[in-house]
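What follows is a set of notes on a single structure, which appears directly below.
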Amino acid sequence: MSSPLRIALAGLGTVGTGVIQLIEENSALIARRAGRPIEIVAVTARDRSKNRGVDLSAYRWVDDMGELATASDVDVVVELVGGSDGPALTLARETLSNARAFVTANKAMIAHHGAELAQLAESKNAALKFEAAVAGGIPVIQGLRDGAAANRIDRVYGILNGTCNFILSTMEKEGLDFTDVLSDAQAKGFAEADPSFDIDGIDAAHKLAILASLSFGSEIDFGGVETRGIRKILAADIAQAKALGYRIRLIGLAEIDGENGASEIFQRVQPCLVPLAHPLAHVTGATNAVVAEGNFSGRLLFQGAGAGDRPTASAVVADLVDIARKDTGPAFSMPSSELEKLPRAASAHRVGKTYIRMIVADRVGVLAEITAAMRDAGLSIESLIQTETSDDGSALIAMVTHAGPEQAINDTLKTLAPSESLMGEPMVMHILGE
């Protein structure tokens, strides 16, 4: 058997300790599959004295994690520190500059700096791997980069954030409002103390930008992702969606738009109504699921645990096995010079059905005012539900439109914005096409 692949771990949180446990527990199996042993030689973290539930005595402790990039006994640096910039990015640059392989679970860093790091890795003939950065333990990166390599993929979408999916599916099950479920999710450890990155869609947007680049062979464009989270979803929205035959999920969607004679890229993260017939409607809890549509493979569905120490550690070690086998190559499935810089597609011309929810003053003429605004914008109603009047004199109107351009929705809401009949901002959710 060949000499061991020697790795250094930067970051010893739940994922870092999970990597240690996985390598120790499955060392013989991993060695047989990789063709050589994978051994941890050095570790580093902010607090050396912290009890992490694993024995670190067999590994060299390094106080300055920058030393890992040049250590003579390290073949691969694994970064599990997090953050789009700062120490994690410095470590990535220094490691690759020294022609050493680099593995990370850091989706924010890859979304913001993936192009730069991929170019650096190629120039030094070093591996850059980030399977764990998207969808935890689901091998979606490898599936798109290798398994679907022969296909033209024009659309990739899915449930990319487990915290949001846990909150939405719990709201659905328990009939509770967002704030109540968020508090419970934080108490159970499904949501961070500051959950903004999750519930505002930023985490999902990082992952979507990475998936889009891999799927389309395009330059990564995180700044081009339209992003809206789930803060404003009410229990009433969940109930009305159910009555209309849908479930609400936070969906990240990227696709190629070729209607204008040249390919453009559209990327958006937003809550959507998903038809019950669609497989994503049945993804519950903290699970992730990704759908890619290949021109020869058809619909591919990747589903599984999107976070957690063990699934994410599994993805990290899978990258290490690839490196041990010398199964390396361009980080984004093709050389950086071959990635296309695609212009961003506008959303106004996109056609589809839309859910609109309004809280209105319950008085004569309100519904006529709304339908007149929709008529003038060229928008028609497919179905409508109006609830009974609340104690504050308000009523909820929820409707699904016939398929129409998004500009018609924008025009309708612009017309209604000054109206004294509206009590609060309307909620708009597009319906995921089957």
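The values are calculated or read from the model by the stated rules, or taken from the named source; none is laboratory data. Since the model is a prediction, treat every value here as computed from it, not as a measurement. Virtual Cβ from ideal backbone geometry, glycine too; neighbours counted across all protein chains shown. Side chains are part of the model used for accessible areas, which takes the heavy atoms of the whole protein and leaves out ligands, DNA and RNA. Shrake-Rupley method; radii C 1.70, N 1.55, O 1.52, S 1.80 Å.
Here is how the numbers come out for the structure above:
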quantity: Residue check, SER336 touching a residue at least 60 places away in the same chain (Cβ under 8 Å), of a type in the set (Ser, Thr, Tyr) and out of contact with any Leu (no Cβ under 8 Å at 6 or more places or on another chain); calculated: yes
quantity: Complete set of residues in the range 78-102 that are out of contact with any helix residue (DSSP H, G or I) (no Cβ under 8 Å at 6 or more places or on another chain) and either part of a helix (DSSP H, G or I) or open to solvent by less than 10 Å² (accessible area, probe 1.4 Å) (or both); calculated: GLY86
quantity: Residues of the range 222-232 satisfying the condition of being open to solvent by 30 Å² or more (accessible area, probe 1.4 Å), closer than 17 Å to GLU264 by Cβ and not in a helix (DSSP H, G or I); calculated: GLU226
quantity: Odd one out for ALA191, checked against (1) in a loop (DSSP other than H, G, I, E, B); (2) open to solvent by 30 Å² or more (accessible area, probe 1.4 Å); (3) among the small types (Gly, Ala, Ser); calculated: (2)
quantity: Top-ranked residue of the range 23-62 - restricted to ones that are charged (D, E, K, R) and touching a Ser or Thr at 6+ places or on another chain (Cβ under 7 Å), ranked as farthest from GLY11 (Cα to Cα); calculated: ARG36
quantity: Check on LEU12, assigned to a loop (DSSP other than H, G, I, E, B) and surrounded by 11 or more Cβ atoms within 10 Å (Cβ to Cβ); calculated: yes
quantity: Positions within the range 233-273 being of a type in the set (Val, Ile, Thr), out of contact with any Pro (no Cβ under 8 Å at 6 or more places or on another chain), open to solvent by less than 10 Å² (accessible area, probe 1.4 Å) and not in a strand (DSSP E or B), in sequence order; calculated: none
quantity: Some residue of the range 16-39 being assigned to a strand (DSSP E or B), more than 28 Å from the chain's Cα centre (by Cα) and in contact (Cβ under 8 Å) with a residue 40 or more places away in the chain; calculated: yes
quantity: THR44 being open to solvent by less than 20 Å² (accessible area, probe 1.4 Å), polar (S, T, N, Q) and either touching a helix residue (DSSP H, G or I) at 6+ places or on another chain (Cβ under 7 Å) or free of Cβ contacts under 8 Å to residues at least 12 places away in the same chain (or both); calculated: yes
quantity: Residues of the range 103-143 satisfying the condition of being in contact with a Phe, Trp or Tyr (Cβ under 9 Å, 6 or more places away or on another chain), assigned to a helix (DSSP H, G or I) and open to solvent by less than 10 Å² (accessible area, probe 1.4 Å); calculated: MET109, ILE110, ALA111, GLY114, LEU117, ALA118, ALA121, VAL140, ILE141
quantity: Restricting the range 350-371 to residues that are open to solvent by less than 30 Å² (accessible area, probe 1.4 Å) and not in a strand (DSSP E or B), the residue that is farthest from CYS272 (Cα to Cα); calculated: VAL366
quantity: Every residue from the range 200-221 that is buried (at least 23 other Cβ atoms within 10 Å of the Cβ), within 29 Å of GLY424 (Cα to Cα) and not charged (D, E, K, R); calculated: GLY201, ALA204, ALA205
quantity: Residue satisfying condition, being over 19 Å from the mean Cα position of the chain (by Cα) and under 22 Å from ILE153 (Cβ atoms), within set ASP362, ASP327; calculated: ASP327
